[in-house]
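Here is the structure we will look at, set down as structure tokens.
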Amino acid sequence: MKSSEYENLVSEILACKKCPLYKSRTRAVPGEGPLDSIIMFVGEAPGKSEDEQGRPFVGAAGKLLNTLLESIGLERGGVYITNIVKCRPPENREPEESEVRACNPYLVRQLEMVNPRVVVALGRIAGKTLYEMCGLKWHNIRVARREAVKCRVGGASFKLIVTYHPAAALYNPGLREELEGDFRERIARITFQAAGRKTTLEDFILGEEKRSTAS
Ligand code: URA
Ligand code: SF4
């Protein structure tokens, strides 16, 4: 059954020693969210707060991610969230290629179990890794941001959207605007299409605005 398979995956990650990152972690961070989510968000690696709490995106970047999700009517608890590597790299350095490779089978299994319609890669490391998992050539984040690509990983097939990492947008207002725009336009539209919602995005967002100005 799907959920016991998932529990096995989580226990494997929590006990994993397949790369040197296990040595400095407090807790591994497998990911969280409903296994029937139509959308999955993939970050780079746990940071300090995530390493302490064992949950993804619970620090400052996570607060911004929650705000971005709310801005398009998605609840944080309604989406699946994980990272490319499940353990925090020391001093928040970038994960090494060998660490990404060692950890990758876990992400493949998560993609197969959740089987989302849409995957959003947050930042360059997630974008590059997912592009390569899909057999696509990675150029840079600006090129990748331009369009969603069709992607197949194992038994999962989905649309892949690449955008900036919320942590980068925290100290760069220009990036933050672009990130907000990506959520409002690309991520919302493709997710609503995937969900087969009847309402148009314009109606949906206008409805939200009406509600928020009324309160
Ligand atoms: N940054 C990430 O890439 N992932 C997290 O879980 C938190 C911050
Ligand atoms: Fe295992 Fe991934 Fe943690 Fe490395 S980062 S120890 S491969 S769970």
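Quick note: the coordinates plus some simple rules give every number you see, no bench work behind them. It should be emphasised that the depicted structure is a prediction, and the values quoted were computed from it without experimental measurement. Glycine gets a Cβ as well: all are built from the backbone with ideal geometry, and neighbour counts include every protein chain shown.
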### Query
With point charges of +1 on the Cβ of Lys and Arg and -1 on the Cβ of Asp and Glu, referenced to the Cα centre of region 2-214, which listed residue (Phe158, Val118, Tyr22) lies farthest in the positive direction of the dipole?
Phe158
### Query
For helix 201-214, what angle does its Cα long axis make with the longest principal axis of the chain, in degrees from 0 to 90 and rounded to 10?
80 degrees
### Task
Extending each Cα 7 Å along its Cβ direction at Val108 and Ala168, get the distance between those two points in nm, one decimal.
2.7 nm
#### Entry: Isolated Cys in the chain, by beta carbon distance under 4.7 Å
Cys16, Cys19, Cys87, Cys103
### Task
Mind scanning Lys17/Lys150; Lys18/Lys63; Lys18/Lys128; Lys63/Lys137; Lys63/Lys159; Lys23/Lys150 and naming the pairs with a C-alpha gap bigger than 28 Å?
Lys17/Lys150; Lys18/Lys63; Lys63/Lys137; Lys23/Lys150
### Message
I'd like the orientation of helix 97-114 relative to the chain: the angle between its Cα long axis and the longest Cα principal axis, in ° from 0 to 90, rounded to 10.
### Response
50 degrees
### Task
State the Kirkwood hydrodynamic radius of region 2-214 in Å, one decimal place, computed from all pairs of distinct Cα atoms.
17.4 Å
### Task
Would you please put 149-157, 110-118 in order of how densely packed they are, using the mean number of other Cβ atoms within 10 angstrom per residue and starting with the highest?
110-118, 149-157
### Task
May I ask you to work out the translational diffusion coefficient for region 1-79 at 37 °C, viscosity 0.692 mPa s, via Stokes-Einstein with Rh from the Kirkwood sum over Cα pairs, reported in whole µm²/s?
238 µm²/s
### Message
Of the candidates Pro105, Pro89, Pro30, which one comes out as most mobile in a Gaussian network treatment of the chain with C-alpha springs shorter than 10 Å?
### Response
Pro105
### Query
What residues have an amide H closer than 5 Å to that of Tyr80, excluding those fewer than 5 places away on the same chain, when H is modeled at 1.01 Å from N in the peptide plane?
Ile39, Phe41
### Task
Using only Cα positions of region 113-182, each an equal point scatterer, no hydration layer, compute I(q)/I(0) via Debye at q = 0.11, 0.14 Å⁻¹ and quote the log10 values to two decimals.
-0.26, -0.41
